[in-house]
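Quick notes on the structure that follows.
What follows draws every value from the coordinates through simple rules; no lab data is involved. Just so it is clear, the model here is predicted, and its values are computed rather than measured. All Cβ positions, glycine included, derive from the backbone under ideal geometry; neighbour counts span all protein chains shown.
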Amino acid sequence: MFHGKPHESEINIADTMTLPLKLIIGIIMIVFLLMSQNVFAKQDSKIGESRANHCYVDDLSERLECGFITVPEDRTKPDGKQIDIHYVVLPAIKNGANSEAFLAIAGGPGQSAIDNAAGFSRMFNKVRQKRDILLIDQRGTGRSNVLNCEGEGFEGALSINEADFDVAKETKSCLDTLDADVTQYGSLNALEDFETVRHHLGYKKLHLYGISYGTRMAQLYMRQYPQVLSTVTIDGVVPMQQSVLAIGNAINRGFELLIRDCDENKLCGTQFPHLKEDLHKVDAELAVKPAISQVNDPLTGESTQLTMTRSKFMGAIRMALYMPNVRALLPHAISEAAKGNFQPIMGLYSLTIDSTGIAMGMHASVVCGEDWQRLTQEERDAANQTYFGREMITNFEQSCAIWNMPAVDASFSAPISSNIPTLALSGQIDPATPPSWGELAMEKLTNAKHFIAPYATHGVANQSCANDLIAQLVDTGSVKEIDGECLNKDVSRNFYLNASTVEAIPSTETAVQGASHD
């Protein structure tokens, strides 16, 4: 989504879906937001459309406005089943533009925006000086009829071999537990919910911010309701023309940039001179059979069996690439794994189990309806050239057949044509949505700028001065004077040379941090 508030390397281990599905998600998860475990700490009472209420969220001491609207699950059947769409308003700190709000849309697909309230408040503090921040739990996520499956927690994950999973069986089991018509949980229906919330709260104009999958929602808003939008920011861009299942090459690029960064850094390159070879060696060995050993459980400290599979190993590395401070641990962890010591990798793996609070059912509804069915044979062949691509194709082929989502219209994937002031943000070392995806989204945006942050991974506004640029866009309503020079400030993380030591900040005559990335 993207969770009280840990730093970007700390992750909630939640027991919200079956363990096998959690591990499958670790392989096939498309995008990644801020990580926070903020939840409603207390809500005074339930409300309907007619009156406001107040609630608290973790790590925000103030009382916030919260509520829900009730909408048909299937909008073609207004008298049918109804679901509640929950929202929270972080009120403007000063009197300002009361008719406008800043709508922050979470990623995933499947993350809760409300769970990330404290993170959004911190990140957009300057925006909030004069404007409310509006957070909506998209249908199927958080508090809005969440599509999840209850099941086991983390404890048994370390000893399991994912190759034994029956994806079809697990998917059907999950579907059978859901009290929902899962075909109604795609992006277009959610967009109508968002508009209903805007009308209910009386906002005449919105400033949009979308992160990751949230950029798709923002672009759909630009297409369907341009008249209510003042500005748009898309961060970690998923262009409409791009199926997210084409992410395999982006992940490979992230791996390659990690190796290149280490090689070009004197201290890291000296400490880990065979990083690429070590990575390929462990990957090849685990492709044949898992490595079984006794390790200390990262949560309890107790001795436990670890079945280190290729899925765990590659998945742990992939997810670590999203977070700059965890990414800095990877050369050491990979090097130790090549020596047969999987404790560091296992520690990273423990961060990936439900690390983003993804609602699996909603995730499947979006991907199966909007991404899977538009894949051409050429795109499937290309995806099958990479490990992650093959895993995604294999798993979604089975799960989407069971989820049985109707395909979106072909026009869904057309580029967005818009003159709305728009800021596009990409991280140069993003392992999910590379800068080329941001460029693709710019195709028909005639009043937009695309900035690439050289030291950022996924989610530029949370790692750089981009939040200031967003505040400038919201205040001025224009991209013309926005200068992205501040993004070039070197905020790269130093690599760990062992389990506890970070290299000293190198001088210009020793090592070079922040190498360029092509």
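Quick notes
- Förster radius 25 Å - calculated FRET efficiency between Ser411 and Asp79, Cβ distance, rounded to 0.05: 0.25
- What the Cβ-Cβ distance of His54 and Lys205 gives, at R0 = 25 Å and to the nearest 0.05, is a FRET efficiency of 0.50.
- Compared with the direct C-alpha span, the chain from Thr501 to Asp176 gains 112.1 nm at full extension, assuming 0.36 nm per residue.
- Eligible lysines near Lys77 by straight Cα distance, threshold 25 Å, same-chain separation 8 or greater: Lys46
- FRET E, pair Gln294, Glu264, Förster distance 45 Å, beta-carbon r, rounded to 0.05: 0.75
- For the stretch 75-185: rounded, prolate or oblate by the Cα gyration tensor [a/c cutoff 1.5]: oblate
- Highest-first arrangement of 200-208, 279-287, where packing means the average Cβ count within 10 Å: 200-208, 279-287
- Cα-Cα over 28 Å, subset of Lys130/Lys449; Lys172/Lys281; Lys169/Lys339: Lys172/Lys281; Lys169/Lys339
- Stretch gain in nm, segment Leu188-Gln224, where the contour uses 0.36 nm per residue and the Cα spacing is subtracted: 12.0 nm
- Listed cross-link partners Lys94/Lys126; Lys81/Lys204; Lys276/Lys312; Lys205/Lys444; Lys204/Lys444 are compared with a 21 Å cut-off, the Cα-Cα value being larger for Lys81/Lys204; Lys205/Lys444; Lys204/Lys444.
- His280 versus Glu195: modelled label distance in nm, points set 7 Å from Cα along the beta carbon direction: 5.3 nm
- Packing-based order for 292-302, 460-470, using average beta carbon neighbours within 10 Å, highest first: 460-470, 292-302
- Chain lengthening between Ala382 and Asn98 when straightened (0.36 nm per residue, less Cα-Cα): 97.3 nm
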